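One structure is given below, encoded as structure tokens.
The values are calculated or read from the model by the stated rules, or taken from the named source; none is laboratory data. Just so it is clear, the structure is predicted and the values come from calculations on it, not from any experiment. Ideal geometry is used to build each Cβ from the backbone, glycine not excepted, and the neighbour counts take in all protein chains shown.
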Amino acid sequence: MEIKWYIGLAVALFCTGIVGVLTRRNSIIIFMCIELMLNAVNLLLVAFSKMHAASAIGIADPSIVSNAQIFVFFIMVVAAAEVSVGLAIIVMLYRNTRSVDVNFLNRLKN
Amino acid sequence: MALFGAIKVVTSKSPVYSILYLIVVFFAISGHYILMNAQFLAIVNLIVYAGAIMVLFLFVVMMMNLNTDTEPKKNRILQFAGLISGGCLFLIVVAAITKTADSNNLMLMAIGDHGLIKKLGMVLFKDYVIAFEISSVLFLSAMIGAVILGTREKQVK
């Protein structure tokens, strides 16, 4: 299978996430769209690692092919930490303003 | 299926439906990992994302009692502008990718053993031990940060 289909799928997922961030006002949904973009990038990294594996079959050190998947693993670790802190921030925001609308944060301007 | 779920995540009115469709997206992405024979990542994706993170999201939404649609009527023009800009980005990136010669490179689909747990574990604990330990420190600090953020309100009262 050619790499371009996976590139197209990942780019489409990423752009859907961007459209969600730009158009929605609910902070939880914005957060979920960020997760969507992270996952699109993860999918693309794994696809490129498999492409690299197909082009490097006879290579002496096979462990360099696994590097991308280790990278994806660390991205997942960081995303899990980020989600816990971000949800704590959203909960605190909700306690303070009784709303999850990001437009309320306009008050930070004045 | 992943694309359908993603579009429903963005367009559904209620956050609970959004979360459920996001779980569908994660399952589809895990299916793609299995197709590419990256089984360890598929299982980790299922456990961490579809299991833990989505339950956390659902828990927060239910705790806030946001089942009703509280989203106010937003600006139509801004919405349209967001849609247009996202579509433009998609078109530009796809057009640029299809022009490159490497976009026809083949992928190793269902063969190759470097996505299995044994190989990944060897690499992870040989070459990336320091990054692994640092990520544990990161988790600890994130946990402490979440607890502090969650309990600050009570101290103010």
request  = Name, by its number, the condition in (1) within 7 Å of another protein chain (Cβ to nearest Cβ); (2) modelled with pLDDT of 80 or more; (3) in contact with a Ser or Thr (Cβ under 8 Å, 6 or more places away or on another chain) that does not hold for residue A:76.
outcome  = (3)
inquiry  = Among (1) in contact with a helix residue (DSSP H, G or I) (Cβ under 8 Å, 6 or more places away or on another chain); (2) more than 9 Å from chain A (Cβ to nearest Cβ); (3) at pLDDT 80 or above, there is one condition residue B:131 misses while meeting the rest; what is its number?
reply    = (2)
ask   = Among helices (runs of 4 or more DSSP H) lying entirely in the range B:1-67, which contain 2 or more residues that are modelled with pLDDT of 85 or more and surrounded by fewer than 19 Cβ atoms within 10 Å (Cβ to Cβ)?
value = B:15-35, B:54-64
query = Which one is surrounded by the fewest Cβ atoms within 10 Å (Cβ to Cβ), of the residues in the range A:16-31 that are of a type in the set (Val, Ile, Thr) and farther than 22 Å from residue B:93 by Cβ?
reply = A:28
ask   = What is the number of the single condition among (1) modelled with pLDDT of 85 or more; (2) under 27 Å from residue B:61 (Cα atoms); (3) facing chain B (nearest Cβ under 9 Å) that residue A:28 does not meet?
value = (1)
Long-range neighbours under 6 Å by Cβ, at least six apart or interchain, first residue in contact (Cβ under 8 Å) with a residue 60 or more places away in the chain within the range B:40-51, second buried (at least 21 other Cβ atoms within 10 Å of the Cβ) = B:40/B:120; B:41/A:69; B:41/A:72; B:41/B:33
task = Name every residue in the range A:85-101 that is at pLDDT 70 or above and under 19 Å from residue A:22 (Cβ atoms), in order of residue number.
result = A:86, A:90, A:101
inquiry  = Can you pull out every residue in the range B:68-84 that is of a type outside the set (S, T, N, Q) and at pLDDT 70 or above?
reply    = B:76, B:77, B:78, B:80, B:81, B:82, B:83, B:84
ask   = Restricted to the range A:53-73, and to residues that are more than 8 Å from every other protein chain (Cβ to nearest Cβ) and at pLDDT 75 or above, which residue is nearest to residue A:29 (Cα to Cα)?
value = A:71
message = If I ask for residues that are of a type in the set (S, T, N, Q) and touching a strand residue (DSSP E or B) at 6+ places or on another chain (Cβ under 9 Å), which ones from the range B:12-55 would you list?
response = B:18
